[in-house]
1. Those residues that are in contact with a helix residue (DSSP H, G or I) (Cβ under 8 Å, 6 or more places away or on another chain) and part of a loop (DSSP other than H, G, I, E, B), I need them from segment 429-448; list them, please.
2. Where residues in segment 352-382 are in a helix (DSSP H, G or I) and out of contact with any helix residue (DSSP H, G or I) (no Cβ under 7 Å at 6 or more places or on another chain), which of them is modelled with the lowest pLDDT?
3. I'd like the full set of residues that are part of a helix (DSSP H, G or I) and under 16 Å from residue 521 (Cα atoms), limited to segment 335-351.
4. Conditions first: (1) surrounded by fewer than 20 Cβ atoms within 10 Å (Cβ to Cβ); (2) without any contact (Cβ under 8 Å) to a residue 60 or more places away in the chain. Residue 316 passes all but one, so which condition is the exception?
5. Is one or more of the residues making up segment 87-106 more than 17 Å from the chain's Cα centre (by Cα) and over 17 Å from residue 201 (Cβ atoms)?
6. Residue 221: surrounded by fewer than 18 Cβ atoms within 10 Å (Cβ to Cβ), assigned by TED's automatic domain parsing to the domain that holds residue 85 and assigned to a loop (DSSP other than H, G, I, E, B), yes or no?
7. Working only within segment 472-484, note down all residues that are under 23 Å from residue 310 (Cα atoms) and either outside the structural domain of residue 522 (by TED's automatic domain parsing) or without any contact (Cβ under 8 Å) to a residue 60 or more places away in the chain (or both).
8. May I ask you to list the residues in segment 87-111 that are more than 30 Å from residue 225 (Cα to Cα) and in contact with a strand residue (DSSP E or B) (Cβ under 9 Å, 6 or more places away or on another chain)?
């Protein structure tokens with residue numbers, strides 16, 4: 001069972017481990033090929049056994065599903081695809097019985113174009129909901145400026161009957177909300193309080209740093225009023241003691257994150273920042289890939305570990321619904337899949353922050369290669385169209401999609417080796433990976449050396465040793481391009497984490513003070529000199545043993 005934490009304490013989440021569920025792909029119970037809330041309820045014991053304390057639940061609110069639920073048409077309704085409000089209430093209640101909080105995914109930057117507010121907004125400029133969105137006058141010939149949407153195309157769409165353009169940072173079906181309008185903010189705060197009253201333990205806030213946008217100045221993230229908006233959001237909506245708020249902030253740097261996640265709780269509990277995830281690309285676009293240079297990763301992680309220590313709080317992650325599988329990206333998903341998956345987990349879970357495990361990560365699920373027509377994600381189809389029209393080689397575009405496409409993370413959860421992986425009884429909404437016959441939960445549970453059992457040990461270590469929560473971070477050998485090693489130190493104990501990022505057998509000598517330290521965890525059964533391919537280990541000693 002999950003360790004019980006006192007969730008009335010404001011900072012309970014500093015000792016917690018969260019697990020992200022992408023509901024469409026987790027567990028189908030009604031035979032429509034799509035995961036649902038009853039499916040999640042049916043797997044709660046599995047998650048409790050893993051040891052997690054919270055579930056980050058990707059959007060389940062009513063939606064046309066243009067962007068897989070991140071286009072909400074009714075914030076107070078459950079999409080029938082996932083079940084009913086009664087199912088949601090049962091999930092909250094049953095998770096709580098197991099010591100697990102539900103962290104609800106909310107999109108406050110934009111709504112669906114099918115939301116009642118936007119349907120009203122398009123009726124006339126005088127409609128009270130018109131100012132819930134961002135409009136600029138025009139004749140339909142040229143957009144207000146040359147801003148581009150994240151998913152491709154202009155960031156402005158024209159409505160002829162109004163002779164106006166509306167602003168959208170993502171798909172045209174996701175118009176941006178106008179946070180300058182106090183009525184919008186109060187509507188959103190009231191909606192959050194509605195979910196808190198139902199027992200939600202916190203919120204993950206999608207692209208939240210973009211609510212302070214100023215499109216006339218081409219400012220999206222970290223706009224001039226963003227801190228004011230965060231503070232009002234915390235004051236008006238996040239009023240329940242112990243409620244956790246997690247802000248997705250692609251544009252955050254360390255200094256901004258210190259304010260976003262200050263320990264006084266004036267803004268957010270913690271941030272999702274993505275600097276480390278962008279290191280293996282040659283431009284700001286994720287499709288322009290490059291090999292990971294390990295010293296860059298080490299420097300980045302060190303900057304965040306030391307920058308937020310004692311003043312802010314970070315989320316620890318390498319996988320989520322928007323990212324490819326990390327074992328395929330920075331590990332070796334063939335010869336050393338198990339070893340490299342464990343190594344990457346060791347590197348991350350030894351750091352200060354709240355770890356997030358994305359569904360399937362704990363069993364080492366990998367990227368998938370599909371023909372273009374089998375992908376569902378709007379971003380994949382848009383990037384293929386845009387890049388091939390610009391003259392990119394179609395095969396090269398597909399290679400980048402296979403490596404970086406978001407559907408890599410969204411393939412159905414692999415529960416067993418049966419034909420449909422125990423996920424469904426009919427054709428699933430997205431194809432199941434062929435390797436589910438080898439990589440699945442059933443096999444992982446029966447193998448004491450599996451990635452799953454390794455994650456259980458990592459989670460337990462974080463709950464047992466305070467150095468994981470508040471130890472100071474020191475990077476060792478910053479220029480080493482093969483080994484990532486660091487220490488964590490507090491008044492009670494000292495931790496050394498060593499990770500070989502290569503498939504080579506390396507010479508390595510422990511720092512003298514750790515020569516007699518306890519080996520808390522290693523991803524190889526027997527000891528050996530040096531570091532074997534993708535070997536990882538954690539060493540620990542307490543002050544009195546110096």
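1. 429, 430, 431, 439, 440, 447
2. Just the residues of segment 352-382 that are in a helix (DSSP H, G or I), to begin with: 361-363, 372-374, 378-382.
Restricting the remaining residues to those that are out of contact with any helix residue (DSSP H, G or I) (no Cβ under 7 Å at 6 or more places or on another chain) gives 361, 373-374, 378, 381-382.
On the way: 361: 98, 373: 97, 374: 98, 378: 89, 381: 95, 382: 92.
Of everything passing the filter in segment 352-382, 378 is modelled with the lowest pLDDT.
3. Narrowing segment 335-351 to residues part of a helix (DSSP H, G or I): 337-349.
Hits for segment 335-351 are 338, 339, 340, 341, 342, 343, 344, 345, 346, 347, 348, 349.
4. So residue 316 meets the others, but not (1).
5. Of all residues in segment 87-106, those more than 17 Å from the chain's Cα centre (by Cα) come to 87-100.
Subset that is over 17 Å from residue 201 (Cβ atoms): 87.
Yes, the conditions are met somewhere in segment 87-106.
6. On the way: surrounded by fewer than 18 Cβ atoms within 10 Å (Cβ to Cβ): no; assigned by TED's automatic domain parsing to the domain that holds residue 85: yes; assigned to a loop (DSSP other than H, G, I, E, B): yes.
So residue 221 does not fit the description; no.
7. Within segment 472-484, 474, 476 qualify.
8. Let us first name the residues in segment 87-111 that are more than 30 Å from residue 225 (Cα to Cα), namely 87-101.
Listed by number, the residues that qualify are 87, 88, 91, 92, 95, 96, 100, 101.
The values are calculated or read from the model by the stated rules, or taken from the named source; none is laboratory data. Quick caveat: nothing in here was measured; it's all calculated off a predicted structure. So basically every Cβ, Gly included, is an ideal-geometry build from the backbone, and we count neighbours across all protein chains shown.
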